[in-house]
Amino acid sequence: MKPKFYLLLFSGLLFSKLLQAQDGSADELFTQARTAAFESKDYPKAIALSKKALAKSPDYADVRIFLGRLYSWTKEPDSARQAFALVLVKHPDNKDAQLANATLEFWEDNNEKALLNVNKGLTFYPSDDDFLLLKAKILNSLKKWKEANITIEEVLKRSPKLTEARTLAVRVRENSSKNRIGLNYDFVYFDKQFDNPWHIVNMDYSRQTKLGSITGRVNYANRFNRNGLQFEVDAYPRISGTFQAYISGGYSSDVGVFPHYRAGFSLYANLPESFEAEAGFRYLTFGESTWSYTASIGKYYKSFWFNFWTFLTPSNDQVSQSFAFTTRYYFGGADDYFSLRMGTGLSPDDPQNNVLIGNTTYKLRSNNITLGYRKAFKSLNVIIVNLGLEHQEYRPNTKGNQFDLGIGYIRRF
């Protein structure tokens, strides 16, 4: 009787081992789980395979962290927290577990807890870009823009080509100071079209509010041997973390030097993969009304920003078109870059030449290029220099050149 018992016991153990061998090792199961998650997007299968791997190797930290991430992606935050906690109890300095734990709370909109968790990670990795970038995102969500700006600038000093950091830095920068004043001067010289150069000056003041920024602006221009003033108000209300609006209005009694009325609206979207988009309209009136419709798409890539936009202006059974391509190369923070813009046609957003829109029923052609330089010094001060050339048709089949020099100064406080 005993020999039969031992034979059955041995057979059972052997069968169990064979079944485990068929399942594969913990490493093999981990590989299968990753394949199921990333290639097949089969998260339930990936969770099951991860659990099998942990049954074989309960202390396999990488598998348990991966399981926690799977729970995060499948909206099971409590299970994810438990998985990360099991790792952090034994290995509090595990970078992946600390980062995943903080990211989970950020995704769940528990920003205060996320900030607490990311700061725990930073005690072990104080100069790590992943933790600092996440901290800047959390601070941005908490509307602690000054702290977010300091954090993201620290990342960019070490990693200027980090696309995600660059994208966030530009969005945070304008919110980091409650107040901003600006002063700009443009000198415009014509070789043929006009005998006298144009002088354009604008002063503005911006204030950050809970809803977004509001800017008041006074513009002065000397054009066509006449002086004029224009008053404008711009607002950038924040709708959500993805959407922001632009609402603008302006008035001038010096019609011809400026439009009598102007207005604008755009909806901006911050898209995944560091893309951004805009769609909207502009309205100008010099006695007769002109409507323009605009759309643009932009992309941050490492230290560069690329943008393409167009304006379409219907008039007299035809549509005038203007296009522009702009690129920036960032060599420092969000206010430190060289820019290049190449375009064709007249834009209602161009304060130098929008007075020429609607002056003729003929679609005048123009091509332009502008080089720009912008640099922050002592953090809160910014200088701007622009040089432009426009080859413009100002009468049918008659062309001339326009040379632009612009300088500006911004002070944040």
Quick check, is E164 surrounded by fewer than 18 Cβ atoms within 10 Å (Cβ to Cβ), within 17 Å of the chain's Cα centre (by Cα), in the same structural domain as D93 (by TED's automatic domain parsing) and in a helix (DSSP H, G or I)?
yes
Having 2 or more residues that are over 25 Å from L389 (Cα atoms) is the bar; report the strands (runs of 3 or more DSSP E) wholly within segment 282-333 that clear it.
289-301, 304-315
Residue that is aliphatic (A, V, I, L, M) and either within 16 Å of the chain's Cα centre (by Cα) or modelled with pLDDT of 95 or more (or both), where the choices are L284, L267, L312:
L267
Taking segment 38-47 and keeping residues small (G, A, S) and over 10 Å from L70 (Cβ atoms) leaves S40
Residues of segment 205-224 that turn out to be surrounded by fewer than 16 Cβ atoms within 10 Å (Cβ to Cβ) and either under 10 Å from N179 (Cα atoms) or out of contact with any strand residue (DSSP E or B) (no Cβ under 8 Å at 6 or more places or on another chain) (or both), as a count
5
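Considering only segment 348-413, give the strands (runs of 3 or more DSSP E) lying wholly within it that have at least 2 residues that are modelled with pLDDT under 95 and within 15 Å of I200 (Cα to Cα). Give the steps one after another, and end with the answer.
Details: elements: 366-377, 381-395, 398-412.
Result: empty, no element qualifies.
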Among the residues of segment 283-338, the number that are within 22 Å of E273 (Cα to Cα) and of a type in the set (G, A, S) is 7
Between T313, T326, which is of a type in the set (V, I, T), farther than 25 Å from Y185 by Cα and surrounded by 14 or more Cβ atoms within 10 Å (Cβ to Cβ)?
T313
Quick check on segment 20-44: of everything there that is of a type outside the set (K, R) and not in a helix (DSSP H, G or I), which residue is nearest to R81 (Cα to Cα)?
D42
Let me confirm something: among V382, V355, which residue is in contact (Cβ under 8 Å) with a residue 40 or more places away in the chain and within 29 Å of F275 (Cβ to Cβ)?
V382
Does R341 meet the test of being closer than 28 Å to G250 by Cα and of a type in the set (K, R)?
yes
Would you tally the residues in segment 44-84 being among the small types (G, A, S) and within 11 Å of L104 (Cβ to Cβ)?
5
Residues satisfying the stated conditions in segment 238-262, i.e. buried (at least 18 other Cβ atoms within 10 Å of the Cβ) and part of a strand (DSSP E or B):
Q244, S248, G250, F258, R262
Among the numbered criteria (1) exposed (fewer than 15 other Cβ atoms within 10 Å of the Cβ); (2) in a strand (DSSP E or B); (3) of a type in the set (S, T, N, Q), which one does N196 miss?
(2)
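The values are calculated or read from the model by the stated rules, or taken from the named source; none is laboratory data. These numbers come from a predicted model, not from an experiment. Note that each Cβ is placed from the backbone with ideal geometry, even for glycine, and that neighbours are counted across all protein chains shown.
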